[in-house]
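Have a look at the structure below, then the notes.
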Amino acid sequence: MEKKVNALMIISFIFLISFILGPPPQPAMAATPPKKNTTSVPVAVNVGIVLDMQLPGPQVWLSCISMALSDFYSAHDYYKTRIVLNVRDSKQDVVVAASAALDLLKNVKVDAIIGPVSSMQAHFIIDLGAKARVPIISFSATSPSLSSIRSPYFIRSTVNDSSQVQVLSSIVSTFGWREVVLIYVDNEFGEGIIPFLMDALDALNIRVPYRSVIRPMAREDEISAELYKLMTMQTRVFIVHMLPDLASKLFIKAKHLGMMSDEYAWIATDAIMNALNTIDHDVLDLMQGVIGVRPYIPKSQELTSFMNRWKKNYRQNNPSALNAQLSLFGLWAYDSATALAIAVEKSGNFSTNGFWDQDFLRNSSSTDLESLGISKNGAMLLKALLETSFTGITGYFKLDGGQLQSPAYQIVNVIANGAKEVAFWTSEKGIEKDLNSTANKISNTDKAISKSDLTIIWPGDKASPPKGWVIPTSGKKLRVGVPVKDGFFEFVNVERNSDNSSTVTGYSIDIFKAVMSSLPYAVPYEFIPWENSDGKIVGNYNELIYQVYLGVFDAIAGDTTIVANRSQYVDFTMPYTESGVSMIVPIRQNQQKNAWVFLKPLTWDLWLTTFFFFVIIGFLIWLLEHRINDEFRGPPLHQIGMVFWFSFSTMVFAQKEKVVSNSARFVLIIWFWVVVILIQSYTASLTSMLTVQQLQPTVTNVNELLKNKAYVGYQKGSFVTAMLVRMGFEKFRLVEYNSVDELHKLFTIESGNGGIAAAFDEIPYMKLFLATYCNQYTTVQPTYKTDGFAFVFPIGSPLVGDVSRAILTVTEGDQMTQIEKAWILEKSTCQDSSESLASSSLDLGSFWGLFLIVGIAVALAFVIHVAMFLLEHWRLVTDTGHSTWEKIVMLARRFDDKDLSSHTFRKSEIRGGGTINGDETNEIPPRSPSYPQSPSEFPLQGSPFSQIPRSPTLSSHTQRDFSGEQEYHPNDNVTSMNQEGDLSSEIVPAIELISPNSDQQMT
């Protein structure tokens, strides 16, 4: 009876508030309202509410629920149903909350329960709702473990915590932090998000080195002890997931311990940010620089109106709670109550007797769980809830899969007494500066936002983000282990000083120093040799690297190679040397000769191209010189021979024929330049090949070593030992060495007698060895793949990424060259013999530019010469009285004739005197009586000339007369008779007859 009285009092209170406030604005509805019905009496539907009424937050939420029902039924007074609230106080206790829910289900027989507040209380109540088939609606239980899959009657009208893990991981990734520590409360609410958050971080290769778990009711000393532990770690990025009350205690202690400085980055989940306005202002002052995430609620007139009305009403009804603030959970409570009212009306006829009792338990105790009945209306109400959708004050409200769908998230920065909006996050685009910017959608669709695009004030009032880690404990240095070597001191050398301190030098050490100095921040470190009391290395390199895994060293600087099995215990930086293991063997003199080695300097295509251009050049010179130079005339066979002789004689510059045309000289100048380059290149290549023939490796492949059961060498302590065993070498045939000189000594001894036939080692060591003994040894392919030398750090060390980037900076600059020159290259006195074995033939691709220039010169000279010849005989070309073939024959004959107009055939003086160009010359000698006075007087038959015996040399083409090629000049000494009456050998082969009284010239 008392419960019924309480219910009536609550209903009266609700109607009283509704009457005072007046009709509120009407929320948007999915369906068109029916006509007003004033005759029927609304059906009362009992709904239970389980909240922690001793806290100010739940009191605010209850007021939001009451306002939602009042607003809804004022706008829909024609509805046939009315929700009657039955409030129960859970008193912040899981058992009390369960007892309250059981009372509502068994005694009040509610058709739905709104609440409880926390995820811990929800677990048992969800089971009760499933047993009674009553929907349990929670607007504040956000733990992912409370999934609707476990119970179809659980409705989560709030955002699941798992939906924010992508936002949190995106923030960490955007700022380049590689490690993060999780701080969360030790209960169902805190642990529920952790598996999802770990998966999201792991997908982005972000490591979680530690998880800090704090009890819900932890004392200040417990929180301080946990924070002290975090201060001893390197990681300075924290994600905090707990309720606001515990978070306030955490940040107060963090500020007291100096953990709100510029070294730290704090990221809060929406559990804190949703209720940020409810946190005390003094605590907010300590949280300056914290960033966090919260669901984005779009601004609207309905939301503004509700908040103003709620503030007015709540202060009127609760004068003592003037500082009460409305959080996001209150808004969700408002929309949840509205959704429930809509679903109740859509469900249809509600049974007045809402439960079926189990007959065999009818007489059981009121608190007996087994006597709990089954709701008649639960299934219909659940179906209606899942189908309900409308636009509420928080935006579009739709329960998909039994829970509210995840909206866009807002990234905020705690500044002053509130939160400043920084950016947004959506599942489609990730982090973006403006959520609804059209320009952003068009121009930045595929552009990821960078940390420089986000304006954030970090702890310590810094605008630049923290680097995310530090070397813990002030004054502590990075402990860098260094191997103590028996040889190859060029890479790492440890020297003991008189004061028992150590000086560490070497190629690897100088690179480590250069890399650490190029980091954007200072990292103090000290070198610690890994040695025993005798100054010797304690173990091999595998054992040294394992010391980092054990925590003895923080890093290793030395000639440590990246190997797969080692990476299971430590992290390597990127390599700073060449990678690979090669085989080195001695060089021997090769007694075999190759008779055709002189052909190998040039490839066949280059040989053929060169021969072709020799012929072309010879033909072109003949073409340019034939009409103006007697040395390029004669019988056809002589001229063909001249073409080949002249062109190939240019190869050794042995040509005796003179060229007289400028075109030929121009072509020859270019051709001589090409010939010089070809000859010099051929000579150099042939010399190299003849040298290579004499230097050959004693062993050409590994199979030869295995077949001959040869002994091979390896460096002491190197991983190469295991590699050689895998290749098939027997362990007793492996000989170790410690230095360059010791390796050379092993090669001088015969294999099997204490010496070796080959050695296997990494490329940096082999380069050093060849630099010292380069004329005696060479490397043999193949090179076995390894990843080179690198520096060693513990797994997950934040230094790995920064040091790797610094290695790139050093290796790409001049500093790396200087270090390599100082420790390795300066020892070299000759070229690496392995390079001399790589000589190859010269191909056409190396000289195509030269041949292109020659081709252009040849084409120009040919075209210009032919054009000038045709222009000179243009009248013959255009003669219409002859056929084309006749024209070609006539042009060929004209081309075969001498060009008498050329300066090479013009006489600069008239032999025997006369007047030339007005100048007086010697008198013309009197003609001999026997000298013909005219062509008609020239003796043809029976004349003295016909009886003149010719010199034997006149049969040569150089002495024979050719019709049309000789002319007679009166001033020439035609003949001279010797005492015997014979003609002298100086007979001019051609005679011109010129009439003394006429300018007419006859041939």
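Each value in this text was obtained by applying a stated rule to the coordinates, not by laboratory testing. Predicted, not measured: the structure shown is a model, and the values here were computed from it. Here the Cβ is made from the backbone with ideal geometry for all residues, glycine too, and neighbour counts use every protein chain on show.
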Too-long pairs where the Cα-Cα distance tops 25 Å, listed order kept, from 658/898; 485/731; 312/383: 312/383
Overall Cα dimensions of segment 74-201 - principal axes, largest extent first, Å: 58, 37, 25
Neighbour-count order for 82, 805, fewest beta carbons within 10 angstrom listed first: 805, 82
Expressed in angstrom and rounded, the centroid-to-centroid distance over alpha carbons for segment 280-294 and segment 773-801 is 50
Which entries of 513/767; 249/433; 707/745; 600/707 have Cα-Cα distances beyond 28 Å here? 249/433; 600/707
